Every structure is written in C-alpha cells, then in structure tokens.
1. Would you check if Val297 is within 21 Å of Thr409 (Cα to Cα), out of contact with any helix residue (DSSP H, G or I) (no Cβ under 6 Å at 6 or more places or on another chain) and among the aliphatic types (A, V, I, L, M)?
2. Any residue in segment 192-206 that is under 12 Å from Ile231 (Cβ atoms) sitting within a Cβ distance under 9 Å of a residue that is of a type in the set (Ser, Thr, Tyr) and part of a helix (DSSP H, G or I)? List the pairs, counting only those 6 or more apart or interchain.
3. Considering Gly390, Gly420, which residue is buried (at least 22 other Cβ atoms within 10 Å of the Cβ) and at pLDDT 90 or above?
4. All but one of (1) open to solvent by 10 Å² or more (accessible area, probe 1.4 Å); (2) at pLDDT 95 or above hold for Tyr381; state the number of the condition that does not hold.
5. I'd like to know if segment 150-160 contains one or more residues that are open to solvent by 20 Å² or more (accessible area, probe 1.4 Å), closer than 23 Å to Asn122 by Cβ and more than 20 Å from the chain's Cα centre (by Cα).
6. Out of the strands (runs of 3 or more DSSP E) lying entirely within segment 322-372, which hold 1 or more residues that are over 18 Å from the mean Cα position of the chain (by Cα), among the acidic types (Asp, Glu) and under 21 Å from Trp25 (Cα atoms)?
7. Please pick out the residue among Ile467, Ile441, Ile455 that is touching a Leu at 6+ places or on another chain (Cβ under 7 Å), at pLDDT below 90 and open to solvent by less than 60 Å² (accessible area, probe 1.4 Å).
8. Considering only segment 470-502, how many residues are open to solvent by less than 70 Å² (accessible area, probe 1.4 Å), touching a Lys or Arg at 6+ places or on another chain (Cβ under 9 Å) and of a type in the set (D, E, K, R)?
Amino acid sequence: MSLISDGITNILLKTQMALVKHGLWGEFLEQTKTPLKIQKRLLFKQLDQNQTTRYGKEHHFSKIRTIEEFKKNVPINQYEDLEPYFDQNESRTETGLTQERPSLYLQTSGTTDRPKNIPLTNSAAEELKNSQTLFAFAHHQGIQGIYKGKLLTISGMRVEGKLENGKAYGSMSGMISHSMPFILKSKYVVPNAVLRVSDYQLKYLMIAALGLKERDITWMVSANPSTFFKILEVMENNLDSLIKLLDTGDTTNLPAGFKQISTRRFRAKKDRVQELKTLSRSSPLSFSRIWPNLKAVTTWTGGNCGLLLTRLENLLARETRITELGYIATEFRGSVLVDTKNNTCVPAITENFYEFIEPDRWNSGSVETMTLDQVEVGKQYYVIVTTRSGLYRYFINDIVEITGKFNQTPTIKFVQKGKGITNLTGEKLTEFQVLKAMESIPCMTKLDEYFFLLIGDPGTLQYRLYIEIPPRPDISKNLDQELSNLNIEFASKQKSGRLLPTKVFFLTPGCGEAYKQQAIAGGQRESQYKTIYLQYLTDCNFDFEPYIISST
C-alpha cells in the first residue's frame, strides 16, 4: 500500500472511530447502566422468536413470562443435550433450536473423539461484529497510535470446510478476526491465503516472513501468547533465509510450499532488508527490536495464559501495552474489553443471556443460578449462557470471577476451566493453586519457559509432575510444601498418608512441543491451544516414557 493510500486509510479510520464514539459506543455505555433490563429484553425476544421450534415447543417458550419460569421450563444443557436438535435446523419442515437457520458452524474439539459443531446464526454474527467494533474502539480510545501502522493478527479461518449437510464450518478466532471493521482489516499483514496453509511449520515461516517484512507494525493480536513465542523462535532459527527471501525472493533454503504463495508478497523494501541485516545476532531477537513502533499486544491474559505474560513483557518495549482479548469460547463471546488501561471486560450483554452459579453449589448438585444483578464482586462462578444461536442455558464448564463494575454492569475475567480441578482424596486441588505453587519454588523462577503437567493418579493416590528441565533436587518436597500452604485439605491428606508425596519425572527438551503437536493432530486448533496444567491420568493419553531422563 502506498504512503498516500496509507494516509487516506488512516483518515477514513479516524472518521469511522468518531462515528462509533457517537453511535454504537454511546449506546453501549447506556446499556451498561441497566444490564438486567437489557438481559430480559434479549431473553424474551429470543424465546418469542423461537417458540415454534421443536425445542421451543417441548419447553413451552410461549408460556414463559419471567426468568424464574424460564429456569423452571428449560434445563441446564451441555453440548450432547442440544446436539440432537442441530440436524433439525437443516430440516425443511421444522427448525430445531432457532427459527433462523445457522449460516455457519464453529468447530472445536469435543470431550470425545468427535469435534463439536456449534451453530452460528446471521443475527448472532451481526451482534459479534458490533462487539468487535466496540473492542476496536476501546483500543483506539485507550492507546494512541495503535492503528497508525500495520496489524499482525494470527487466527484460524472463518470458513475452513463443509460439513456433511453442506453447511460451512470454521473457527471462532477466524470469525472474530473477520468481524473487525473493514478499514482495520485492510491493514492486516497476514492474508487468508497464509492462514489457510495446513502445514503448521510452513504457515509459521510465512507469518514470520510477512512480519519481518513490515517495520511499522503497531498492533499484534493472537488468542494465545504462546503463538508469539513460536513466531519469534521461527524468526531466530531462519533469519538468514527469511532475509534472503525478503531481499531477492529466493526460496532455496525454505520449504517448497512457499511457491504456493506468490513470492512477490514476501518482497520487502531495500531499507527494511538492510535494517534486518544489521540486527545484532549476538543477542536474541525481541519484538521491541523487530517492530520499534509496536503499541500493543492483545491476547488472553487470564487462566493459565497469565503464566506467560512476564516472559512476553521482557520481549516488548516498556511503553508497549498488553491488553486482554476477552473471554471468548467457540460457543460464544463471553466478554468485551471496554478499558485498555485496566483490562476491564464486561459480559456481552446484548449477545447472550447470563446465569451464574458458585462452584461449590454446582459441585454439590444445585442448579439454582443467579443473574447479573445478583453476583458479588470478588466471587467466582460457573457461567451459563443462552445465545442468539440457540444454545439454551448452556454450561461450558468455565469459571469466571466478578472483578468490579462498569457503570452498573459487573466486570468479569476468565479464571480457569472447571476441568482444571482434581480430587483424589478430598483435596480439591485447582489449576490455579498448582500454578501459584510452581511459581513459588525458588528454582522455578523462569517457570514460563518450561513445559510441565501435574497428573493425578486415582489408582495410586499420588500426583505425578512431568517437567521439561534437567534433574534437580527437592522439586517434589518443595512443590508439596507450596501446595500444602495453598490448600489445607492437601496438607491434611498428605500428613495423614492418604495422599502420597508427588513423584517428579524430568523430561528431555522437545517433549512439550511433541505434546502440543499430538493435541493439534487430535483436533485441537493451534490458534486456540492451551495447556491444561492439572489433569487426571485418565484424561492424558500422551506417552511420556520416551522423554523421561530420570524420576524422583
């Protein structure tokens, strides 16, 4: 894009953001002042529109007048409960969940060996586009110059293929990226042709080349911070070959797959090539050196992704901000960032109807939920949503925390998957406790650079720590002590001998990458990959044996 067209683009973008400020953003601020009113309007509109669907008839949507009646008539559902109605959505005579037929399915790995295909209606897609516009405006308002340069966004594809019923399927990360304002999308560095590349290594080489080509990248976005480290690793390991590609178009030392994308796309300006050549090879690359004008990096900061943020900060200039992407699942968008300074997110109140239940109450069998006006700041809850695409009272096994209020709307952050809890002898150990304990071990000060898993074995009543570091003494003793400090039941069970000391297995380098590749090969999306650090032995099918150096 020429300098003139860049200038025009920035003027158009500034104009669009001004219109958003006085339109969609202003309207949204008003809605956050009366969240329950907005939630009720959304819920009853959804029930009214879908009362003649198969699910609506079976659950008496036409007779529901209050939230309590909704809870009484509609059970809390999981994917398997609603899946039988999805096929009905393609029927010519009767719809299953929504009168509006899905225009797209969003695919994610399931709890079995089959992927989950989540329906997405056009109205839900339009609302998603609105929330992305709000998200974009919050960044425009909060971080000066964030859109002045190019944008490096890494995601899946909105459309990746077709299901047996002929409907297209894709990824939520692709849908989110696609839903950004058009003018911002014109600044994307990575085209769909590259995101479509199926070869994992080839795709990252191409992304690395396109990233190096541009000096003036001002915003970098990906769901998982580990993606950024992968890009940097690829750049470092292939820097000479990538510079040669950018300079002359020569792909001699690069995979043959590069030829499927026009090499003209990878050619850089001479001054940029010279700049890359003068980057010192005596010290590691960093994002601050590669892109000196980088204003912000946006990613997940909650849950176990937070473990990587210190490492990410060390690769950025002091003034570069790390902002929260938001609570986003394949099934729905859970929150929208409204304040980049404090990474404040509010529930997407115009997209989903929200219910909450405290983990202890849910685990004890209770189904008595609360609405947005009933939750308390500082408490954690399982979240249950009803979406515009027909996921009624959907339990996704996610725990969120209420962090404060934005106007009258509670603010939320993702804490962990409910699955990240183990209970061998009554200790109810959480992934959060494991991460805190590992961070507290003196020799684990660079924990974010290591791959590890803590596996609970119900058969032996013992935890196994698999960790990709050279053998070190006292890891087991230190970990058990830190876990005991954080969890009184863990301490009690170990003291009584009901829970055996943790066994540690030290692993060779490369085990973590092999674990990730197996997960991706099994159907988990690379762009959405997250390590679940705490698991049961029955949930982990990875063979660690070839990578074990020793154990204690």
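The values are calculated or read from the model by the stated rules, or taken from the named source; none is laboratory data. Model, not experiment: these values are computed from the prediction. Counting neighbours? That spans all protein chains shown, and the Cβs are built from the backbone with ideal geometry, glycine included. Protein only, heavy atoms only, side chains kept; ligands, DNA and RNA dropped before computing areas. Shrake-Rupley method; radii C 1.70, N 1.55, O 1.52, S 1.80 Å.
1. Details: within 21 Å of Thr409 (Cα to Cα): no; out of contact with any helix residue (DSSP H, G or I) (no Cβ under 6 Å at 6 or more places or on another chain): yes; among the aliphatic types (A, V, I, L, M): yes.
Criteria not met by Val297.
2. Tyr204/Thr227; Leu205/Ser241
3. Details: Gly420 fails: at pLDDT 90 or above.
It is Gly390.
4. With (1) open to solvent by 10 Å² or more (accessible area, probe 1.4 Å); (2) at pLDDT 95 or above applied to Tyr381, the lone miss is (1).
5. No, segment 150-160 contains no residue that is open to solvent by 20 Å² or more (accessible area, probe 1.4 Å), closer than 23 Å to Asn122 by Cβ and more than 20 Å from the chain's Cα centre (by Cα).
6. Numbers: elements: 335-339, 344-347, 352-357.
Because the criterion is at least 1 residues that are over 18 Å from the mean Cα position of the chain (by Cα), among the acidic types (Asp, Glu) and under 21 Å from Trp25 (Cα atoms), the strands (runs of 3 or more DSSP E) in segment 322-372 that meet it are 335-339.
7. Values: Ile467 fails: at pLDDT below 90; Ile455 fails: at pLDDT below 90.
From the options Ile467, Ile441, Ile455, the qualifying one is Ile441.
8. 1
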